[in-house]
DNA sequence: TATGAATGAGATTTCATTCAT
DNA sequence: AATGAATGAAATCTCATTCAT
C-alpha cells in the first residue's frame, strides 16, 4: 500500500508536547472513550471523535495516525490501571472479613470499568486472536487472572482447576459490568457489587454467601 | 428498513424458494455466521460474506436487503433454539444429581453457543438499546434469564436477589464460552463444562462443588 | 498503516476480466498516460484520470489499488516494447547503409516514445534509486543499453568505453525526444530523426555525418 | 502568486536581513535543493524542507510565500551561473586543443549541475510551457543553446542544422549528468567527462575522438 | 436465478497555510 | 525572529447498493 515515507505529523507519541498539546491530546483521548462508548469501536468515525473534542479534523492526525492508534493509547492506560489493581488483590478468607475485602476490591475494579469499559469492550469487536490489538487485550485479562489464580490456589476449598475458575470469574465480572453499564439491566451499583462479591466469594473461595442484611 | 419482525420481508422470503434458492440462502447464512465470527458484525462487509459463500455480489441482494437483514434472520434462528433450551431448564437440587443435570443442560447451551456464538456476540457491538436489533438481543437473554430466575428462586439456599444472580450466571456462561471459542484460553470442552457447572452449582444453588473425580 | 486485511476490489490484475472489464481497464490505462503527459505523475490526481476515462471514481479502485499501481502496469507495457526493440538493434556499419539502418531503428524508438513518453519521463520525477519504481525504470534503460554496448563494441572505431558511450547516446535520444514532444523546441519529426541518426552515427560508430541532401 | 521575477517579493526579500536571518534563509534554500533532489519537486513537502533545515514550520513562511517561491529563488541562482558559463563557451577546434578546451568547459558545467541538478531537473516535472516556471526553465537552456549554436555554426564541418545539433548535445549532457548523479550508473567523474567531451567533439565539431590515453 | 461491472455517498488522510505566543 | 499548534480544503479510498446482461 506504500504510503509516502516521510510522515507529516509524526503522531505525537514521540514528540515533546507543551501544555496546550497535552491538553488537546487529552481531549482527543476522552472524546475517544466517549465515542467508543456510544457507537462501539468500529462504528465510531474519526469525525465523531473530533466533533466531540471540538478539534479540527486535521489536528487529529497530528496526534494519532488513525483511530486504531488512539485506541491503542487508551489501551495502554487501561492496562496500567488493571495491572496495578491485580497487584493489590488481597488474600481472601472464608468468613465475613474475606467477603468485605473482596467487595471493596471489586469496587475499585468497577470504577476502572466505568471509566474504560468502552475500551475493554472494544476488543470483543475486533477480529480475535489476530492483531496486536487482540494480543494486548488478552494480556490485560491474563495478567489479571494470573493473580486471581494465585489467590484461588491458596484460599479455595474446592478442587477446581484454579486457572479455569479464575477465568470464569473474570468473565463474569467483565460481562456483568457490561450489562449494568450498558443499561441492559437496571441495577444499583451497590446491588451489583453485593452480588458480584457474594457469588464470587461463594463460588470460588468457599464463602457462605453472606450479604449485608 | 423498519420491517415487521414476523414477516421479515427480505426479498427472498416473500418468494417461494426452489431447492437451488434455498441452498443459496443457506450458503449465505452460513457464510454470514463465519464472517461475523472472524471480523465481528460491524467490520464484516457484504463482500466478505459473498466471497466466503462463493456467491456473486449481486445475488446477495436477491436474498437480503442488506447485511442487517441477514443478521436478523440468523437472530431468529438462535432465538428459537435458545427459548427451547430455556424451557427445558431443570430444577436443580443441591446434591450430585443436581450437578449432573445442570452440567448436561449447560452442554446443550454450549452447543448452541458454538454454532451461533458470533451472532450472540454481535449484539454486543451494536449501539445498545437503540435498534430493533438490540431489543431482540435483550429478549433472548431476558427470556433465558426469566427461567433461571424461577429455578433459583425455588432452589437457592442463599438470599441473593434472584434476578441479579441469574444475570451474573448468564453473563459468566456467555463470556466464558466466548473466551474459549475465541481461543483466548486453551481449555478442553469437558473441563470448561466441569468448571461452569461447578461454579454455578456452588455459587447459586448451594451445591458443594462436586466435580467428577 | 494497517489497512484492513480483506480487500474489497482485488485490483483486477488477478481476476479474469470479461470483454467489458478489459475495455474499462484499457480506458483507464490510456487515460493514465494522457494525464501523466499533461500534468506529470505527481500532479496527476486519480480524479483527473477517471474523468478523462469517463469512469466513476469507485471503479478505478476496482482495477488498481492506487495511482502507483496503474503506473506500474504501464511500466510493464513499456518495458516489454523496449526490450523487444533493443533485441532488434542492428549491427551498424560506417557507411550510408549503417546510417539508414540506424535511422530506421531510431524511428521505431521514437514511436514507442511517442506512445509512452509520459511514463518514461515519470521515473525522473520519482525519488531516485529507492523504490521498486526506480529500479524498474533503470532496468528498461539498462537492458536497452546492454544491447547498444554490444553493438558499439563490435562496430565502433574509436576507443571510448562502450558502456559510457552507449549511456550517453541513450541519454541524448531520450532527452531529445522529450524536448521535441514537450514542444520546447519546434522540429519536424523527420528533422529530429535525421539529427539523431547523424549525431549518433558520427559520434559513436565512426560514421561520416551523412545526411540526406 | 504572479509576482514579478526581478523583485520576487517573498516576505523576507523585501526586508533587510540581519546575519541570523540570512543564515536561516540559506539553510532553507539548501534544504530545498536537497529535498528536491531526494523526492523531486512535486513530491517535496514544505514539511520535508523545514525538517531538513531544522527550522520550524512557521518560520518557512517568514521567508517564502510558498514552495514555488523558494524554488524560484533557487532558479535565479542557477540561471546566473549558467548564463555566465554560456558566455565563456570557447571556439572549438577540430584538433586536440579543441578537445581539451571543450572538456574543461564541460567540467565547469558538470560542477554547476552537481550543485543545482535537482533544480534543473525540477523543470521537467512541471507542466510544460505553461507557468512562469516553465518559461524560466526554457530560458536557461535556450540561452545556453544559443551560444552553442553560434560555435557549432563556426566550427562544425558537417551540415547538420546547428540548432538541432546544439539541442541534442545539451540534451545529452543534461541527461547524462542526471544518470550519473542519480547513481543509476556508476561512473567516475573523469570518465564521464572524457566521454562527454569525446562524443560531443566527434559528433558535432568534427573531432577525431581523441581520448587521453 | 445468477453474475460481473459500475456507481456514488461518505469516510479517511494529507498538507499548505495561518495563528497565537 | 522563531515556534508549536491548529486549521480546512482537497485528495484518496472504501464499500453498500444498483445495473445490464
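Throughout, read-outs are computed from the coordinates displayed, never taken from laboratory work. Keep in mind the model is a prediction, meaning the values are calculated, not measured. When we count neighbours, we look across all protein chains shown, and the Cβ atoms used for this are built from the backbone with ideal geometry, even at glycine.
Once you have the alpha carbon radius of gyration of the range A:33-76, what is it after dividing by 2.2 N^0.38 Å, with N set to its residue count?
Here the Cα radius of gyration is 1.05 times the empirical estimate.
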Fill in the blank from the handout: Copies of residue B:111 compared via label points 7 Å along Cα→Cβ give distances in nm, shortest first, of 4.7, 7.4, 9.1
Problem - 7 Å along Cα→Cβ, label-point gaps from residue B:20 to other copies, nm, shortest first - result: 2.0, 6.8, 8.2
Exercise for the section: For peptide B:195-207, compute the average count of partner chain beta-carbon atoms within 10 Å of each residue's beta-carbon. Expected result: 5
Fill in the blank from the handout: The answer for the per residue Cα convex hull volume of the range D:11-65, in Å³, is 67 Å³
Practice task
For residue D:61, place a label point 7 Å out from Cα along the Cα→Cβ vector, do the same in each other copy, and report the separations in nm, one decimal, smallest first.
Solution key: 1.8, 3.1, 4.5
Practice task
Take every residue in peptide A:37-47, count the Cβ atoms of other chains within 10 Å of its Cβ, and give the average of those counts.
Solution key: 3
Exercise for the section: Set the Förster radius R0 to 56 Å, insert the Cβ-Cβ distance between residue A:91 and residue B:47 as r into 1/(1 + (r/R0)^6), and round the FRET efficiency to 0.05. Expected result: 0.55
Completion exercise
Sorted on mean Cβ neighbours within 10 Å (highest first), peptides C:48-54, A:199-205 come out as A:199-205, C:48-54
